[in-house]
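The values are calculated or read from the model by the stated rules, or taken from the named source; none is laboratory data. Computed from a predicted model, the values in this text were never measured in an experiment. Quick reminder, even Gly has a Cβ in these numbers, built from the backbone with ideal geometry, and neighbours come from all protein chains shown.
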Amino acid sequence: MALYSSLSADLVPASVCGDFDQGLGMMTGIAPMNPMMPGLGMVPPPPLPLDLPIVKEIIHCKSCTLFPPNPNLPFPAMRERPPGCKTVFVGGLPENANEALIVEVFGQLGEIIAIRKSKKNFCHIRFVEEFTVDRALFLSGYRMRLGSSTDKKDTGRLHVDFAQARDDLYEWECRQRLYAREERHRRRMEEDRFRPPSPPPIVHYSDHECSLLGDKIKDEAAFAEAVNVLLTWVERGEVNRRNANNFYSMIQSSNSHIRQLMSHKAAHEKELEVAKDKFKTALSGILAQFEQIVSVFHAASKQKAWDHFSKAQRKNLDMWRKQAEEIRNMQNEELMGIRREEEMEMSDDDMEDTHDPDDSGPVAQVEALKEENDSLRCQLDAYRNEVELLKQEQGKNQEHTPPQHSEEDTIRQQQLTFLQQALQGMQKQLLKMREEKKQREAELEKSVEDKQQLESQVQSLKEGLENLNKTRTHQVSNTHTHTHTHTHTHTHTCIDVSVCSSSGIISTFLHVHPFGASIEYIFSYLQQLDTKINTGQVGALLGRLPCTFRQELTGVGASLEKRWKFCGFEGIKTK
């Protein structure tokens with residue numbers, strides 16, 4: 001009983017638990033054990049001051065006494081804690097220690113499941129809870145004495161360490177799998193909660209559903225759902241010879257819906273064009289009013305009216321004029337951007353209409369460059385005219401505008417600078433396009449020359465092929481004539497030594513096989529003598545000598561087999 005009270009006093013300093021009453025435990029003298037207490041393995045202990053040493057006291061039991069180790073000695077080394085460890089190794093037991101003594105000492109720390117004691121003064125103790133192992137490790141280094149005996153067999157120094165046990169590992173793995181299953185179940189529940197609902201099931205095909213679906217397809221509001229059902233039926237393979245006409249009518253109704261879609265598209269495009277026209281008309285009216293307002297400000301800025309305003313009024317008029325000009329310029333740029341987009345769309349449509357699919361690549365590129373060159377030249381001329389007009393207008397304004405209107409001159413000068421920069425950019429682009437045009441024309445000329453060279457080469461090859469065919473025909477006719485006149489001589493001279501030797505060997509082989517042999521059997525025999533020979537050569541040789549070798553069919557049905565026999569003597573007998 002005093003063991004656990006001393007352990008509690010040593011594990012937690014008195015300053016931390018000074019108000020703790022040990023008499024409130026479940027048993028007399030034993031404090032209540034909470035697995036979540038610091039120092040019991042479940043929660044790390046609170047940090048203790050580094051200068052506060054852990055004091056171990058003498059522990060008195062009924063059958064033995066435990067003396068603490070020297071506090072100046074280092075803590076004994078321990079192995080790494082296995083996962084789910086509930087078993088400890090206790091070494092250095094006295095030789096006379098029995099299992100009851102072990103239960104008396106370590107049973108106060110926690111409930112024990114099993115004790116495996118060895119004859120060599122050590123044992124393994126398996127506890128119910130994992131945190132009990134941390135309590136047992138506290139006794140490592142204590143010196144045990146049985147009773148008051150000083151005999152060597154009644155004393156020993158305890159060494160407590162973690163121990164590996166298959167049961168602990170198995171239980172730990174089971175808990176991990178349980179946690180994993182719970183986590184998977186939780187994730188699955190989360191995914192199911194956030195997953196969108198599945199679409200409604202598609203009904204199976206029947207004549208009644210088919211008639212209803214045909215009516216839905218003709219209905220514009222339910223067309224999308226009806227087409228999905230029709231697609232599912234076709235993919236399922238519901239179409240057969242009996243209901244093919246029904247499916248054909250539904251597909252025909254789907255096809256007729258295309259005209260409605262195209263009409264809807266045309267109506268929306270028309271509405272879009274009408275809206276664009278309304279927007280452009282309204283924007284043009286707004287710009288016209290802006291121009292009138294700016295004209296009013298310019299008229300008020302003339303000297304005959306400007307001199308009659310006060311200084312504050314002039315300041316306000318000048319500020320209002322600048323704001324009106326800025327807004328006017330922004331709206332004008334927006335309108336010009338819309339017009340440029342329309343011109344680009346119209347030019348794209350014209351290019352698509354005038355595009356010829358038979359044009360070759362380089363020629364089409366050269367034509368496109370020419371058109372782009374012309375358009376750039378026109379734009380360049382327009383910019384030049386606009387610059388000249390601005391210069392003339394600036395000269396007139398300088399004659400009639402008072403000298404204090406330097407800001408308006410600055411704005412016009414900026415516009416002139418912007419136009420000059422745009423003009424320079426267009427000139428550079430025009431020069432670049434001209435260079436590209438020259439390169440394209442050179443490439444076109446080169447491709448034309450290459451084409452002419454290829455055509456001349458093809459023509460020469462055709463002529464050479466015709467001459468070769470004529471020469472070959474003449475040679476073939478001469479060969480046939482020579483063969484016809486010297487047939488007997490050629491027959492005797494074409495038989496070389498290898499053919500004669502092979503025919504002699506085959507004759508000898510078939511002579512000792514009177515019932516014949518297959519061509520594979522003959523080939524396997526000849527291959528041992530001549531490795532360069534093949535089955536085709538053997539078959540050709542046997543076929544060339546019908547008076548010496550004859551092919552016969554033996555067997556019936558599946559056992560039908562072709563065999564060659566030697567018939568040279570039969571020809572001599574008939575003669």
Next item on the list: From (1) surrounded by fewer than 12 Cβ atoms within 10 Å (Cβ to Cβ); (2) over 19 Å from Cys500 (Cβ atoms); (3) out of contact with any strand residue (DSSP E or B) (no Cβ under 9 Å at 6 or more places or on another chain), pick out the condition that doesn't hold for Thr535.
Entry: (1)
Item checked: Members of the range 101-137 that are within 18 Å of Leu169 (Cα to Cα) and touching a Cys at 6+ places or on another chain (Cβ under 7 Å) -> Ile115, Arg116, Glu130, Val133
Checklist line | Residue count, the range 530-572 (criterion: within 14 Å of Leu510 (Cβ to Cβ) and among the aliphatic types (A, V, I, L, M)) | finding: 4
Check: Among all residue pairs at least 6 apart or on different chains, which show Cβ distances below 9 Å where the first residue, located in the range 254-278, is touching a residue at least 40 places away in the same chain (Cβ under 8 Å) and assigned by TED's automatic domain parsing to the domain that holds Val227 and the second is charged (D, E, K, R) and outside any helix (DSSP H, G or I)?
Finding: His257/Glu220; Gln260/Glu220
Note to self: Testing Gln414 on (1) exposed (fewer than 12 other Cβ atoms within 10 Å of the Cβ); (2) at pLDDT 80 or above; (3) under 54 Å from the mean Cα position of the chain (by Cα), one condition comes back false. Which one is that?
What the structure shows: (2)
Item checked: Checklist (1) buried (at least 17 other Cβ atoms within 10 Å of the Cβ); (2) touching a helix residue (DSSP H, G or I) at 6+ places or on another chain (Cβ under 8 Å) applied to Ser140, failing item -> (2)
Next item on the list: From (1) among the hydroxyl-bearing types (Ser, Thr, Tyr); (2) modelled with pLDDT of 90 or more; (3) under 24 Å from Lys152 (Cβ atoms), pick out the condition that doesn't hold for Thr87.
Entry: (3)
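Is one or more of the residues making up the range 112-130 polar (S, T, N, Q), under 18 Å from Tyr142 (Cα atoms), in contact with a Gly (Cβ under 6 Å, 6 or more places away or on another chain) and at pLDDT 80 or above? Don't jump to the end; show me each part of the working.
Residues of the range 112-130 that are polar (S, T, N, Q), as a first pass: 118, 121.
Now drop any that are not under 18 Å from Tyr142 (Cα atoms), which leaves 121.
Subsequent filtering for residues that are in contact with a Gly (Cβ under 6 Å, 6 or more places away or on another chain) retains none.
Looking for residues that are polar (S, T, N, Q), under 18 Å from Tyr142 (Cα atoms), in contact with a Gly (Cβ under 6 Å, 6 or more places away or on another chain) and at pLDDT 80 or above, one finds none in the range 112-130, hence no.
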Next item on the list: List every residue pair whose Cβ atoms lie under 8 Å apart, where the two residues are 6 or more positions apart in sequence or sit on different chains, the first residue falls within the range 56-82 and is in contact (Cβ under 8 Å) with a residue 24 or more places away in the chain and farther than 15 Å from Gly107 by Cα, and the second residue, located anywhere, is part of a loop (DSSP other than H, G, I, E, B) and of a type in the set (D, E, K, R).
Entry: Pro68/Lys56; Pro68/Glu57; Pro69/Lys56
Item checked: Pair list, Cβ under 8 Å, 6 or more apart: the range 334-356 residue modelled with pLDDT of 60 or more, other residue among the charged types (D, E, K, R) and surrounded by 10 or more Cβ atoms within 10 Å (Cβ to Cβ) -> Leu335/Lys280; Ile338/Lys276; Ile338/Lys280
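Would you pick out the residues in the range 417-437 that are closer than 18 Å to Ala368 by Cα and surrounded by 13 or more Cβ atoms within 10 Å (Cβ to Cβ)? Give the steps one after another, and end with the answer.
Residues of the range 417-437 closer than 18 Å to Ala368 by Cα: 426, 429-437.
Listed by number, the residues that qualify are Met426, Gln429, Leu430, Met433, Arg434, Glu436, Lys437.
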Margin query: Any residue at all in the range 174-181 that's modelled with pLDDT under 90 and exposed (fewer than 11 other Cβ atoms within 10 Å of the Cβ)?
Written below: no
Next item on the list: Would you be able to say whether some residue in the range 544-554 is at pLDDT 80 or above and part of a helix (DSSP H, G or I)?
Entry: yes
Check: Got at least one residue in the range 229-238 being among the acidic types (Asp, Glu), out of contact with any strand residue (DSSP E or B) (no Cβ under 9 Å at 6 or more places or on another chain) and modelled with pLDDT of 90 or more?
Finding: yes
Checklist line | Test result for Arg193, without any contact (Cβ under 8 Å) to a residue 24 or more places away in the chain and in a helix (DSSP H, G or I) | finding: yes
Notebook entry, point to check: Is there a residue being touching a Pro at 6+ places or on another chain (Cβ under 9 Å), within 23 Å of Glu80 (Cβ to Cβ) and hydrophobic (A, V, I, L, M, F, W, C) anywhere in the range 117-134?
Noted result: yes
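Being modelled with pLDDT under 90 and not in a helix (DSSP H, G or I) narrows it down to one residue among Glu225, Glu220; which is it? Outline the logic, then answer.
Details: Glu225 fails: not in a helix (DSSP H, G or I).
Testing whether each residue is modelled with pLDDT under 90 and not in a helix (DSSP H, G or I) leaves just Glu220.
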Check: Given the range 446-537, what helices (runs of 4 or more DSSP H) lie entirely inside it while holding 3 or more residues that are within 30 Å of Gln551 (Cα to Cα) and modelled with pLDDT of 80 or more?
Finding: 497-511, 519-529
